[in-house]
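Everything on this sheet refers to the single structure shown next.
The values are calculated or read from the model by the stated rules, or taken from the named source; none is laboratory data. Since this is a predicted model, take the numbers as computed values, not measurements. No Cβ is skipped: glycine too gets one built from the backbone with ideal geometry, and neighbour counts run over all protein chains shown. For accessibility, only protein heavy atoms count, side chains too; no ligands or nucleic acids. Shrake-Rupley method; radii C 1.70, N 1.55, O 1.52, S 1.80 Å.
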Amino acid sequence: NYNVGLLAYSPLAGGTLTGKYIQEGGPPEGSRFVQFPTYMERFQTSRMLGAVKGYCEIACKHKLTPAQLALAFVKSRWFVASTIIGATTMEQLKENIDAFNIELSDEILAEIDEVYKLFRDPAAYF
């Protein structure tokens, strides 16, 4: 143990973990993946979007936004020293900041783990 913390870069996977790329009707106009179709392609695979769907269902069940769930999860990891967030709007910034006041229950963490078991490393290239 060298007592070195992890700095979580892109904890929302380029916006994918907000759930906006799995909405009916496709991704929102003006979003990164619309403007730059090859940007972070690893987060646009069907496997990744399947995992996101599972995480979004957990968030909805527990009255959280998908972004809040993702950021609260990152915060809950003992080895994460800090998290880089990014927001395009003030609403997104507030949502991101509010996530750091959320403590995930053991039940939520267990549900996250079940989705993870189904989609281990969903952004890996195969």
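S10 passes every criterion in (1) surrounded by 11 or more Cβ atoms within 10 Å (Cβ to Cβ); (2) modelled with pLDDT under 95; (3) on the phi < 0 side of the Ramachandran plot apart from (3). Restricting attention to the stretch 82-112, the residues that are of a type in the set (D, E, K, R), loosely packed, with under 10 Cβ neighbours inside 10 Å and either in contact with a helix residue (DSSP H, G or I) (Cβ under 9 Å, 6 or more places away or on another chain) or over 27 Å from Q35 (Cβ atoms) (or both) add up to 2.
Please go through the stretch 13-56 and give me each residue that is aromatic (F, W, Y) and surrounded by 12 or more Cβ atoms within 10 Å (Cβ to Cβ), ordered by number.
From the stretch 13-56, those aromatic (F, W, Y) are 21, 33, 36, 39, 43, 55; that's our starting set.
Listed by number, the residues that qualify are Y21, F33, Y39, F43, Y55.
In the condition set (1) in contact with an Asp or Glu (Cβ under 9 Å, 6 or more places away or on another chain); (2) open to solvent by 70 Å² or more (accessible area, probe 1.4 Å); (3) small (G, A, S), S76 is compliant with all but (2).
Residue-level check: of (1) modelled with pLDDT of 95 or more; (2) open to solvent by 50 Å² or more (accessible area, probe 1.4 Å); (3) within 19 Å of R32 (Cβ to Cβ), A67 misses just (2).
Evaluate the following for F73: is it over 20 Å from K117 (Cβ atoms), without any contact (Cβ under 8 Å) to a residue 60 or more places away in the chain and among the aromatic types (F, W, Y)?
Details: over 20 Å from K117 (Cβ atoms): no; without any contact (Cβ under 8 Å) to a residue 60 or more places away in the chain: yes; among the aromatic types (F, W, Y): yes.
Here the answer is no, as F73 does not meet what is asked.
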